[in-house]
Amino acid sequence: MTVRQLYLFGCLYLLMLIATAVLTRATVRRIAGALAGAAVGGVAALGIVEAGEHAGWWHMAIIWEPYFLALLWANLVLCAYALLITWRIARRFGVRGLAAVALAGAILGPPRDYWYMRHFPEWGSYGGACSYLRDLRDLFCPAVRGARDHATGLRTGWRGPAGGPTVGE
C-alpha cells in the first residue's frame, strides 16, 4: 500500500464514519467511545499484522516507518463506523443480531481478503488453504466472544456517575 492509497482510504473511511454517525443517530459520547475503541483496536491490529508476518501466515506490503504506521493507524481509527453499526445492531437485535453479524463476517471476510490480495498483489499475499481456515477461526472466535461480552457487560445495569443512565442506553 502506498501513502496516497492510505490518504484515499482515510477520506473514504471518514465519509463512512460521518454517514454512519448520522444514520445511527449516535451521540457525541457514542462516537467518542467508538473512536477510542477503534484506536485501541488499531494498535492491536498493527501488532497482529506483525505477528502474522513473523509467523509466515501472510505478507502485507507495509512500510515499517513511523509516518506510514501513524497514517495506517489513523485509517484504522476511522474504521470506527463498524463499531457504531454493531452498536445499533446490538441495541435492535441483541446478542442474536451480533452473533449473526459475526457469523456473516467470519464467512464473508476471508474470501473478500483473498479476493483483493489476488487482484492487488502489491498489497501482500496469503499462504494456502490452512491460512484460509485459520482466518475463519480467528475472525469468528473473537467476534463470538465480543458479542457475549457486549451482551453481558452492557446489559448488567451498571450505572454511571451520580446514578446517570445505564451504560448502553
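Each value in this text was obtained by applying a stated rule to the coordinates, not by laboratory testing. Here the structure is a predicted model, which means the values were calculated and not measured. When we count neighbours, we look across all protein chains shown, and the Cβ atoms used for this are built from the backbone with ideal geometry, even at glycine.
The HN-Hα couplings worked out from phi for the range 32-42 by the Karplus form 6.51 cos²θ - 1.76 cosθ + 1.60 (θ = phi - 60°) are 4, x, 5, 5, 5, x, 5, 5, 5, x, x Hz, whole numbers, x standing for Gly and Pro.
Length gained on full extension, Leu103 to Ile48, computed as 0.36 nm times the residue gap minus the Cα-Cα distance: 17.7 nm. If you plug the beta carbon distance of Tyr116 and Ala36 into 1/(1 + (r/R0)^6) with R0 = 30 Å, you get a FRET efficiency near 0.60. Each residue of the range 110-118 is assigned a 3J(HN,Hα), and the resulting list reads x, x, 4, 4, 5, 4, 6, 5, 6 Hz, derived from the Karplus form 6.51 cos²θ - 1.76 cosθ + 1.60 (θ = phi - 60°), x at Gly and Pro.
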